[in-house]
Structures are given as structure tokens and as C-alpha cells.
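The values are calculated or read from the model by the stated rules, or taken from the named source; none is laboratory data. Not measured: the values here are computed from a predicted model. For neighbour counting, all protein chains shown are included, and Cβ atoms are generated from backbone atoms with ideal geometry for every residue, glycine included.
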Amino acid sequence: MNIKKLTMSFLLIFLFLSAKAEDKEEYLALVNATDSIFIKNSLCKSSGDCSNKEFVKFRRIENGVQLNIYGVKDLKLVSELTSAIINEYQSKSMKIVVQVSYYKISHAESIAGMSLINNKQKAYSYFGIAP
């Protein structure tokens, strides 16, 4: 396992340990909802494959979660992902804040230092949900 993956693993463990149990379930439900769209669109074969491809990264924020979704260039896919997240949020009657940002570049490109000068790291679509 390389250092980057090991670091990400420890970060995810820290996030899970520091989150309340019900928040963890909600975060995972949102990620699973996005994974199902990526799988439906043949961008990955399973949730594990989606995780390895780093389409979705999340982090805790005050009262909720921020989802950063990478490698999404098709607006139809943005629409499907947005609908899946909203449907999951409503079906589970979530009471957390959810912020979602979409990026055209991959997560690997973003951490490799793609230039902010040419705005390739800037989210091109985003939305939020609050209880």
C-alpha cells in the first residue's frame, strides 16, 4: 500500500471515529447513492471499484458532510448524481447539512497540483441541502 492510500485510510478512520454513529450511516448512504449512479453509467463495477477510482471524497463539516465528486464532465451525470443524493437525503429523513461540489478533473489530478491559475480545480457545479 502506498503512502497516499495509507494516509487516506487513516483519514477515513479518523472521520468515522469522530462522527456520531447516525452521521456515519448517513454519510455512507449518500456515498452509496452516488456509487449506484456511477455503476449504472458503467464508470465502475462495484462500490469498491468506485472507491478505488476516487470519484467521491467526503469530509465532515459543522452539522453535516461535504461531498466532492471528481471526474464528472457530463451534465446528465451531474443531474443523475444530484437526484440520487437528494432522493437518499429525503428517503432517510436526514437532519444534516450536505454540500456537494462537482469537479471535471479527477481527484488524483487535483492532489497532483493541477494549476489553480487555469481554474481546472474550481468546482463547476455545486448545491447544498439543509434540514
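I need the full set of residues from the stretch 75-115 which are loosely packed, with under 12 Cβ neighbours inside 10 Å and not hydroxyl-bearing (Ser, Thr, Tyr), in order please.
Leu75, Lys76, Asn87, Gln90, Ala112, Gly113
Could you pull out every one of the helices (runs of 4 or more DSSP H) wholly within the stretch 1-93 that has 2 or more residues that are modelled with pLDDT of 85 or more and of a type in the set (A, V, I, L, M)?
Correct list: 21-40, 75-91.
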